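The values are calculated or read from the model by the stated rules, or taken from the named source; none is laboratory data. Note that the coordinates shown come from a computational prediction; the quantities given were computed from them, not determined experimentally. Please note: Cβ atoms are built from the backbone with ideal geometry, for glycine as well, and neighbour counts cover all protein chains shown.
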Amino acid sequence: MKRNGTKQRMGNRQLVILAVIVFVMIVSTIVGLIYVRRHIESVLQTGVHSCQEYDRHYAFITESYEDNFWKEVFCEARQYGESQNDYLEWMGNGLAIEYSKDELLEIAIASKVDGIIVEGDGNESTRERINEAVKKGIPVVTMMTDSYDSARQCFVGVGSYYLGREYGRQIIRIATKETGEVLVLMDRDSEDSAQNIIYNGIIETLANEGNHLNLQLTTLAVNQDSPFSEEEAIRDIFLNKETVPKIIICLNEKNTVTAYQATISYNLVGEVSILGYSATDTILESIDRNVVAATVVVDSQQMGIHSVQALDEYVETGYVSDLVTMDVYTITPKNIKEHMPDAVEQNEE
């Protein structure tokens, strides 16, 4: 009997302990659920208050995401856009899949964005996408390079005559009486008059300020029929070292890089001076290596801000200027460290 009573007391104690454990677990679960609920409510409330609503959604489209110039343009454009309650999306940037410019334009159109800012070019496919966007009520601003004969609302770029004047001044800076020929690379597929205006600006500058040099200015038209057609045309210039012009002027980024690479490939560094366009990492490196003599660059801050301003103006009023011109500046070995901190200190005569 005594043994049975002891067993009963032990059983009751175990039941009490078990009941306490269950109670503690239930209380803990309830407290935990209350905490989680309050935490979720807090997060949701914080999200609601921190969420920014924008009036307009713009797409920003370029060929490259890596070049510092385009990063600067986008940052300036985005910062200005936020001040105007515009959301600017760099289409395709950061995605695992790499899309072409045409595909990004199609994505922007399908997304029904309120406007598109795109790095223009002379390709027919780009013009077709721009025309499609405008037809569907999406205004388009081209930047850096125009897409001529397209329905775009505005081009944000450089005044052609001023650009020609700047190239002319750089020719005078590096040319000597022995220079002889200066070659200007033109775009064969371009039907616009901008190249002719640039060319006239060079001619007039040389006539007024460099007539003592007795230079012969010539042109070569290269096309963009295939990804390699321009490269082949430019490399053909370097095949005969005796006939390579002493100065070659490139009016776009691609030709600048191709001419720079050809100069190295054909061992003509120091014998040929290249005047380029744009300030990508590759072009800055070429100036640091004294292969490219100078490059003309558009003000990235102005380009970013004015591109968004042009879209805003058109969206709000239905009107905008056909052309917005940017300031330009020239990067040479003398001031390369201002744009490329790791560049080697160089001196110019």
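Which members of the range 59-85 meet the condition of being buried (at least 22 other Cβ atoms within 10 Å of the Cβ) and either at pLDDT below 90 or more than 27 Å from HIS339 (Cα to Cα) (or both)?
ALA59, PHE69, TRP70
If I go through the range 225-234 residue by residue, how many of them are surrounded by fewer than 16 Cβ atoms within 10 Å (Cβ to Cβ) and closer than 20 Å to GLU63 by Cα? Write out each step before concluding.
First, the residues of the range 225-234 that are surrounded by fewer than 16 Cβ atoms within 10 Å (Cβ to Cβ): 225-229, 232.
Now narrow it down to the ones that are closer than 20 Å to GLU63 by Cα: 225-229.
Residues flagged as surrounded by fewer than 16 Cβ atoms within 10 Å (Cβ to Cβ) and closer than 20 Å to GLU63 by Cα within the range 225-234 amount to 5.
Within the range 109-219, considering only strands (runs of 3 or more DSSP E) that don't extend past its boundaries, which have at least 1 residues that are hydroxyl-bearing (Ser, Thr, Tyr) and surrounded by 16 or more Cβ atoms within 10 Å (Cβ to Cβ)?
On the way: elements: 115-119, 140-143, 154-158, 181-187.
Here the list reads 140-143.
Only one of (1) without any contact (Cβ under 8 Å) to a residue 24 or more places away in the chain; (2) in contact with a Leu (Cβ under 7 Å, 6 or more places away or on another chain) fails for GLY270. Which number is that?
(2)
Could you tell me whether the range 164-179 includes any residue that is outside the structural domain of ILE61 (by TED's automatic domain parsing) and in contact with a Pro (Cβ under 9 Å, 6 or more places away or on another chain)? Spell out how you get there, then give the answer.
Restricting attention to the range 164-179, the residues satisfying the condition of being outside the structural domain of ILE61 (by TED's automatic domain parsing) are 164-179.
Among the residues that remain, those that are also in contact with a Pro (Cβ under 9 Å, 6 or more places away or on another chain) are: 179.
Yes, because at least one residue in the range 164-179 is outside the structural domain of ILE61 (by TED's automatic domain parsing) and in contact with a Pro (Cβ under 9 Å, 6 or more places away or on another chain).
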